[in-house]
Amino acid sequence: MPDPDIEAAEQIAEGRPAVAITPDSAWIAPLLLAAADERIDVPPLDASLVNRAIGMWCGRRPRRAIVPEDLAGLDLHDVAAALRPGAAPAGCVARIRRASHARVGLPDGEAVTPLDRLTGYGEAHVWATRAAADIARVRRGEIKAEALEGAILYGPPGTGKSTLARSLAQAAGVVFVETSVGQWFANSPGFLDSVIKQISAFCDRLEIAARQQGCAVGFVDELDALPNRSRLDDRAASWWLPAITFCLLRFEQLRKAGVVLVAATNDLSRVDTALLRPGRFDRSFLIGPPDEAGRLGILRVHLGADLVGVDLTPALRISRGMTGAVLAGSVRAARRQAQMAGRAMTRDDLLAEIAPADSRPAAQLRAVALHESGHALVAIRLGLPVVQVSIEAGDGHGGSTIVAIRDPSPDRNAIERQVVGLLAGRAADGILGEGIDAGAASDLRDATRRLAEVHGAFGLGETLSVVVGQQDAARLLRENPAMAARVEADLSRLQLAAQDLVRANRVAVLALVEALLTRRVMTGEEVAEIAAAHKPRIRVRADHRIRPKAHVSSAPDSDRPH
């Protein structure tokens with residue numbers, strides 16, 4: 001290859017003008033840089049420059065000027081392609097906006113959700129908001145590009161990891177370049193050199209965009225498909241090590257160029273630790289299924305002008321655990337069904353997509369509602385904080401009652417109240433239903449475990465001896481007949497306490513059953529309202545079968561379903 005310095009020297013010696021145009025001065029021959037009479041730094045593409053260019057091209061500026069958000073994802077070539085001979089300013093603006101939408105839009109063509117409207121991302125949203133502000137500061141020259149932080153977003157599929165990355169790029173008004181490990185193979189023959197060329201092409205485009213605009217956002221999906229070097233055998237290492245090493249070097253260079261790298265993975269433990277160090281992906285954030293407020297925000301964004309002012313509480317209840325992608329799909333399906341029927345979408349359309357009609361027989365649904373109502377009403381009477389009660393089926397259960405137990409040091413009285421709540425579903429089955437069945441087995445298992453901890457792990461029983469750790473207390477019952485007998489006696493006593501409370505609250509339990517059959521999911525506040533509206537028919541002390549308060553503390557419990 002010819003020496004670039006020699007070529008530059010010959011050009012100058014022959015008196016010919018030499019002009020070099022490059023996104024990075026490091027790419028120019030050193031002699032040419034040293035001999036240059038003029039050096040012109042072209043500022044990053046911004047809205048004011050584009051409006052001036054449209055005005056010069058069309059002879060007048062657009063009435064509705066380009067704003068920074070209109071340039072999200074675009075580089076100089078994208079803007080140039082939007083300027084057509086003889087075009088009006090409005091036409092150029094419209095093409096630029098469409099180009100931006102295409103560059104950072106969602107795969108199905110929907111618009112990117114603005115960063116300030118995203119909900120359910122927790123600390124990741126805080127980071128993204130700060131990153132957008134930092135990008136603006138870098139572009140203004142207030143801070144260096146090295147101050148930017150990359151991040152890995154991890155969690156189950158469909159939780160909106162790529163959406164957050166796109167929204168970050170849109171909010172910052174910079175180019176968004178997306179890739180995945182799978183694409184490196186799909187877009188090449190799959191040989192080592194071709195895969196490395198795909199990685200290089202991704203990084204090159206980001207570097208050029210960052211030089212032109214001052215910053216850029218890159219997104220790498222399926223990062224866990226890039227194997228962890230510590231888990232490679234010799235055969236796999238001989239192929240993967242060059243590719244992984246190349247990624248590490250180029251990703252670090254991207255930071256210096258002003259690129260914010262965001263990656264997504266379903267399994268953070270499979271990511272090579274070298275990628276997690278500062279200078280590559282500095283931060284990691286769990287993106288899980290959104291909470292109720294997050295689900296409301298997601299539904300409102302995707303509903304748009306539909307169901308404005310309509311109470312979405314029923315949809316929020318039955319969508320617990322759903323991801324943003326599933327909720328968005330439910331909205332699209334509900335809208336499609338309404339359009340096919342030639343009418344506006346209703347809340348029932350949405351509910352039918354989020355939770356289709358339950359196919360279980362009516363008698364089975366009523367039995368589930370009775371069991372969960374027993375749990376929830378007795379928990380309320382015992383002062384236990386009920387979060388939610390549901391007759392929606394899940395993995396291994398036909399319904400659920402969630403009680404938040406956060407006491408870091410419960411005494412024996414508090415633990416026995418929890419056990420009464422666990423046994424109340426079984427009590428309702430026997431007193432108000434068709435009889436006790438195997439559906440209460442998990443409740444009995446949890447109740448037995450809690451009482452085994454009282455006697456074997458917490459020192460709250462008849463002895464002070466702590467025989468085993470909390471996790472092994474239930475196993476101890478198989479080895480210690482005397483302790484098993486004490487636990488059985490406690491279970492029998494507390495089962496009678498649960499039965500007393502169910503009998504005393506018969507009307508309230510049955511009222512909750514009817515409400516559950518209609519609403520399917522209810523909050524703790526709604527359960528408390530029904531309990532308050534139906535006082536116990538007979539006076540029963542909730543703790544008359546529960547032992548007096550002890551003076552020894554134990555370990556915490558946590559939120560859990562019954």
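The values are calculated or read from the model by the stated rules, or taken from the named source; none is laboratory data. Computed from a prediction, not measured in an experiment: that's the story for all the values here. Here the Cβ is made from the backbone with ideal geometry for all residues, glycine too, and neighbour counts use every protein chain on show.
Within segment 235-260, residues that are assigned by TED's automatic domain parsing to the domain that holds Ile135 and of a type outside the set (A, V, I, L, M, F, W, C) sit with their Cβ atoms under 6 Å from residues that are at pLDDT below 90 and assigned to a helix (DSSP H, G or I), at 6+ positions apart or across chains, in these pairs: Gly258/Ala145; Gly258/Ala210.
Can you pull out every residue in segment 219-251 that is part of a loop (DSSP other than H, G, I, E, B) and crowded, with 18+ Cβ neighbours inside 10 Å? Across segment 219-251, the qualifying residues are Leu226, Pro227.
Scanning segment 304-317 for residues that are touching a residue at least 40 places away in the same chain (Cβ under 8 Å) and closer than 10 Å to Leu350 by Cβ yields Leu307, Pro314. A search for C-beta distances below 7 Å between a residue of segment 113-124 that is touching a residue at least 40 places away in the same chain (Cβ under 8 Å) and on the phi > 0 side of the Ramachandran plot and any residue that is β-branched (Val, Ile, Thr) and crowded, with 21+ Cβ neighbours inside 10 Å, counting only pairs 6+ apart in sequence or on different chains, returns Gly120/Ile298. Looking across segment 5-22 at every residue that is in a loop (DSSP other than H, G, I, E, B) and touching a residue at least 12 places away in the same chain (Cβ under 8 Å), the one that is farthest from the chain's Cα centre (by Cα) is identified as Ala18.
The residue that is modelled with the lowest pLDDT, counting only those in segment 20-54 that are within 27 Å of His101 (Cα to Cα) and exposed (fewer than 15 other Cβ atoms within 10 Å of the Cβ), is Pro43.
Please indicate, with yes or no, whether at least one residue in segment 357-372 is among the polar types (S, T, N, Q) and within 22 Å of Glu292 (Cα to Cα). No, segment 357-372 has no match at all.
With respect to Glu207, is the statement that it is in a strand (DSSP E or B), charged (D, E, K, R) and surrounded by 14 or more Cβ atoms within 10 Å (Cβ to Cβ) true? Against the criterion (in a strand (DSSP E or B), charged (D, E, K, R) and surrounded by 14 or more Cβ atoms within 10 Å (Cβ to Cβ)), Glu207 does not qualify. Hey, any hits in segment 404-417 for a residue that's assigned to a helix (DSSP H, G or I) and free of Cβ contacts under 8 Å to residues at least 24 places away in the same chain? For segment 404-417, residues assigned to a helix (DSSP H, G or I) and free of Cβ contacts under 8 Å to residues at least 24 places away in the same chain: present. Restricting Pro89, Pro68 to those that are under 26 Å from Ile135 (Cβ atoms) and touching a residue at least 12 places away in the same chain (Cβ under 8 Å) reduces the list to Pro68.
Condition check: more than 23 Å from Leu276 (Cβ to Cβ) and touching a strand residue (DSSP E or B) at 6+ places or on another chain (Cβ under 6 Å). Does Ala165 satisfy that? No, not satisfied. The residue that is surrounded by the most Cβ atoms within 10 Å (Cβ to Cβ), among those in segment 393-413 that are under 30 Å from Asp358 (Cα atoms) and modelled with pLDDT of 80 or more, is Thr401. Note on segment 320-359: residues that are within 23 Å of the chain's Cα centre (by Cα) and part of a loop (DSSP other than H, G, I, E, B) total 5. In segment 265-307, the residue that is modelled with the lowest pLDDT out of those that are assigned to a loop (DSSP other than H, G, I, E, B) and touching a strand residue (DSSP E or B) at 6+ places or on another chain (Cβ under 8 Å) is Arg280.
For (1) more than 21 Å from Leu168 (Cα to Cα); (2) of a type in the set (Gly, Ala, Ser), each residue gets a yes or a no:
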| site | (1), (2) |
| --- | --- |
| Trp57 | yes, no |
| Ala65 | yes, yes |
| Pro68 | no, no |
| Leu74 | no, no |
| Ala81 | yes, yes |
| Arg84 | yes, no |
| Ala87 | yes, yes |
| Gly91 | yes, yes |
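Considering only residues in segment 458-478 that are more than 17 Å from Leu491 (Cβ to Cβ) and in a loop (DSSP other than H, G, I, E, B), the one that is modelled with the highest pLDDT turns out to be Gly459. Counting only residues that are under 24 Å from Asn480 (Cα atoms) and touching a helix residue (DSSP H, G or I) at 6+ places or on another chain (Cβ under 7 Å), segment 423-443 holds 2 of them. Of the residues that make up segment 346-367, is at least one closer than 30 Å to Leu432 by Cα, surrounded by fewer than 23 Cβ atoms within 10 Å (Cβ to Cβ) and in contact with a Pro (Cβ under 8 Å, 6 or more places away or on another chain)? For segment 346-367, residues closer than 30 Å to Leu432 by Cα, surrounded by fewer than 23 Cβ atoms within 10 Å (Cβ to Cβ) and in contact with a Pro (Cβ under 8 Å, 6 or more places away or on another chain): absent. Annotation note: Cβ proximity below 7 Å between a residue of segment 477-495 that is in the same structural domain as Arg417 (by TED's automatic domain parsing) and a residue that is of a type in the set (Gly, Ala, Ser) and surrounded by 15 or more Cβ atoms within 10 Å (Cβ to Cβ) (sequence gap 6+ or interchain) occurs for Leu477/Ala452; Leu477/Ala484; Met483/Gly456; Arg486/Gly461; Val487/Ala452; Leu491/Ala447; Gln495/Ala427. Within the set Leu296, Leu223, the sole residue that is within 30 Å of Gln388 (Cβ to Cβ) and under 19 Å from the mean Cα position of the chain (by Cα) turns out to be Leu296. Evaluated against (1) in a loop (DSSP other than H, G, I, E, B); (2) over 14 Å from the mean Cα position of the chain (by Cα), Arg317 falls short on exactly one condition, (1).
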